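Since the structure comes first, as structure tokens, the remarks are kept for the end.
The values are calculated or read from the model by the stated rules, or taken from the named source; none is laboratory data. Fair warning: this is a prediction, and the values are worked out from it, not measured in the lab. Ideal geometry is used to build each Cβ from the backbone, glycine not excepted, and the neighbour counts take in all protein chains shown. Quick note on the areas: whole protein, heavy atoms, side chains included, nothing else; ligands and nucleic acids left out. Shrake-Rupley method; radii C 1.70, N 1.55, O 1.52, S 1.80 Å.
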Amino acid sequence: GEDVEQSLFLSVREGDSSVINCTYTDSSSTYLYWYKQEPGAGLQLLTYIFSNMDMKQDQRLTVLLNKKDKHLSLRIADTQTGDSAIYFCAESRGGNTGKLIFGQGTTLQVKP
Amino acid sequence: GAGVSQSPSNKVTEKGKDVELRCDPISGHTALYWYRQSLGQGLEFLIYFQGNSAPDKSGLPSDRFSAERTGGSVSTLTIQRTQQEDSAVYLCASSLRSGDGETQYFGPGTRLLVL
């Protein structure tokens, strides 16, 4: 995951907004994804954004993409204790394979 | 329908032994991926299968690693002569088709510990 970077840890209080940031280096990235991993569970796709979009909103989730700065963020509104998990951003670099390049993951801790 | 399943869920082995990890993708999914999640390396792509095409093995870390996909469905990842650095969670994912924008559905993973 050296081409995709995330901060490792974020702690917020329940009800606050959480913002998880990600930077990537490959300008040919076509799709950018956010996955959630809960303890002992597999990866769950939360949302994704196509590279020609700036923003995508899905209920409590807002994804912002700054293609110029190669910066992606995930905002979770009204964060709940059930949102505590590891969040991975990933990029897909085009072509037919769809293989994903992941960041190291950000552990989100939500305090009651 | 059923999601991606993997077996075993946990595997403990001795250094030097061979191990086989199994993945059952979602029925009808033509693309299958293996990834490895380890403390030092994060989540890494290992290998990808699409239909009957030759697999993309570009992520396999050494020739001790191999994988096959029989009948376009079940896949087995084999690690020969395991080393301690092979300890990781091995994740399998499948998607309806390969390519960007196709959602990959992940299994729960196999946690491998090499003593």
Yes or no: residue B:79 under 11 Å from the mean Cα position of the chain (by Cα), open to solvent by less than 40 Å² (accessible area, probe 1.4 Å) and in contact (Cβ under 8 Å) with a residue 60 or more places away in the chain? yes
Counting only residues that are open to solvent by 60 Å² or more (accessible area, probe 1.4 Å) and within 11 Å of chain B (Cβ to nearest Cβ), segment A:36-92 contains a total of 5
Residue A:110: passes all of (1) within 11 Å of another protein chain (Cβ to nearest Cβ); (2) open to solvent by less than 60 Å² (accessible area, probe 1.4 Å); (3) touching a Lys or Arg at 6+ places or on another chain (Cβ under 9 Å) but (1)
